[in-house]
Amino acid sequence: MLAQETSQLLKKHQIRLNRRKGQNYLINDHILARIIENSHLNDSDVVLEIGAGIGTLTIPLAEKSSKVVAFEQDKKVSRVLKERLQELEISNVEVLEGDAAKMEFPYFNKVVSNLPYQISSPITFKLLNYDFDYAILMYQLEFAQRMVAQPGESNYSRLSVMMNMCTHTELLFKVPQNAFLPPPRISSAVIKLVPQKNPQADKFFTNTCRALFQHKKKKSGKALLQSFHEISSLDLDRSSIRNLIRKLDPKLTEERVFNLKGEEILTISRELKELMERYDEKKG
């Protein structure tokens, strides 16, 4: 039913979906039902949806919540969405046109989205700046697996660390390629993400993570040395940077990056920050 309805709407409005823009529309009724079921919405919820498309998720979300704030960047698709909402007499959806990665989000307490895959990373990190109950999000399977990866696994990354330190993230279920129109090249997965405020995971920690994972197979001391510019703008020569790194816990600087736990990266970050503050004071 959903597949037929989607095809008819696209044909009627002469919309050609573009894979490069992440326009892969869900056409599987069963998967849609599972997403809505896992959202556990009630009539007091304000739901944020990013990449609303023609309203496949938007409409059932509106039926179960107080309000839906729906972002859609494609102006033609956005007009179709508004037209559908008007025809169905749905008045509790606010459609916002534009790039959600660059716009401020109005108030929301839950997020339910089939994310455009090319903005998965910036949107995920952006969401961590907001207070909300939880998010049910569709990602490419590879990205979802990186989100829940553990130290030592091949797909363990900076994303894995940040998710582990700042959220409770669970992979709920996988979604086959044929659940979309057009089918993406790889499978997808639905993630439940519950934010957990971690004041220790500050900007310095984030920068340290970025520096380390630019060289994830190297020892962490060498990774820090080679990407120190990601951590600080202090005008330090290579010898000074090496001396700072030598003062860190050698057990951690000798460990390869992809084996480091989030708490160990936090220790590296905290020690390095203290050393740099002392260096700055002496120089001043």
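Can you name every residue in the range 20-65 that is polar (S, T, N, Q) and in a helix (DSSP H, G or I)? Walk me through how you get there before you give the answer.
Of the range 20-65, the ones polar (S, T, N, Q) are 23-24, 28, 38-39, 42, 44, 56, 58, 65.
Residues satisfying the conditions are Asn38, Ser39, Thr58.
Contact list please: Cβ distance under 7 Å, first residue in the range 1-26 and farther than 21 Å from Ser188 by Cα, second residue in a loop (DSSP other than H, G, I, E, B) and modelled with pLDDT of 95 or more, pairs at least six apart or on different chains.
What qualifies is Leu9/Ile54.
Which condition from (1) touching a helix residue (DSSP H, G or I) at 6+ places or on another chain (Cβ under 7 Å); (2) crowded, with 17+ Cβ neighbours inside 10 Å is the one that His13 breaks?
(2)
Checking Phe143 against (1) under 26 Å from Glu104 (Cβ atoms); (2) in contact with a Phe, Trp or Tyr (Cβ under 7 Å, 6 or more places away or on another chain), which test does it fail?
Unmet condition: (2).
Give me the pairs, please: first residue somewhere in the range 116-130 and touching a residue at least 60 places away in the same chain (Cβ under 8 Å), second residue anywhere and part of a helix (DSSP H, G or I), beta-carbon distance under 6 Å, and either six or more positions apart or on two chains.
So the pair list comes out as Leu128/Cys166.
Restricting to the range 102-118, count the residues that are surrounded by 19 or more Cβ atoms within 10 Å (Cβ to Cβ) and either touching a His at 6+ places or on another chain (Cβ under 9 Å) or under 20 Å from Ala189 (Cα atoms) (or both).
If we filter the range 102-118 for residues that are surrounded by 19 or more Cβ atoms within 10 Å (Cβ to Cβ), which is where we start, we get 108, 110-117.
After this cut, where a residue has to be either touching a His at 6+ places or on another chain (Cβ under 9 Å) or under 20 Å from Ala189 (Cα atoms) (or both) as well, the list is 110-117.
Of the residues in that region, 8 qualify.
Would you pick out the residues in the range 69-95 that are surrounded by fewer than 18 Cβ atoms within 10 Å (Cβ to Cβ), touching a residue at least 24 places away in the same chain (Cβ under 8 Å) and not in a helix (DSSP H, G or I)?
Result: Leu88, Ile90, Asn92, Glu94.
For residues in the range 215-234 being in a loop (DSSP other than H, G, I, E, B) and buried (at least 19 other Cβ atoms within 10 Å of the Cβ), which is nearest to the chain's Cα centre (by Cα)?
If we filter the range 215-234 for residues that are in a loop (DSSP other than H, G, I, E, B), which is where we start, we get 215-218, 227, 231-234.
Those left that are additionally buried (at least 19 other Cβ atoms within 10 Å of the Cβ): 231-232.
Working: Ile231: 22, Ser232: 25 Å.
Ranking the candidates gives Ile231 first.
Residue by residue, here is whether (1) over 20 Å from Leu26 (Cβ atoms); (2) of a type in the set (Gly, Ala, Ser); (3) in contact with a His (Cβ under 8 Å, 6 or more places away or on another chain) holds:
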{"residue": "Asp131", "(1), (2), (3)": "yes, no, no"}
{"residue": "Met138", "(1), (2), (3)": "no, no, no"}
{"residue": "Ala144", "(1), (2), (3)": "no, yes, no"}
{"residue": "Ser160", "(1), (2), (3)": "yes, yes, no"}
{"residue": "Met165", "(1), (2), (3)": "yes, no, no"}
{"residue": "Phe173", "(1), (2), (3)": "no, no, no"}
{"residue": "Gln177", "(1), (2), (3)": "no, no, no"}
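Checking the condition assigned by TED's automatic domain parsing to the domain that holds Leu127 and surrounded by 18 or more Cβ atoms within 10 Å (Cβ to Cβ), which residue from Ser39, Ser66, Ser44 passes?
Working: Ser66 fails: surrounded by 18 or more Cβ atoms within 10 Å (Cβ to Cβ); Ser44 fails: surrounded by 18 or more Cβ atoms within 10 Å (Cβ to Cβ).
Testing whether each residue is assigned by TED's automatic domain parsing to the domain that holds Leu127 and surrounded by 18 or more Cβ atoms within 10 Å (Cβ to Cβ) leaves just Ser39.
The values are calculated or read from the model by the stated rules, or taken from the named source; none is laboratory data. Quick caveat: nothing in here was measured; it's all calculated off a predicted structure. Positions of Cβ are backbone-derived with ideal geometry, glycine not excepted, and every protein chain shown enters the neighbour counts.
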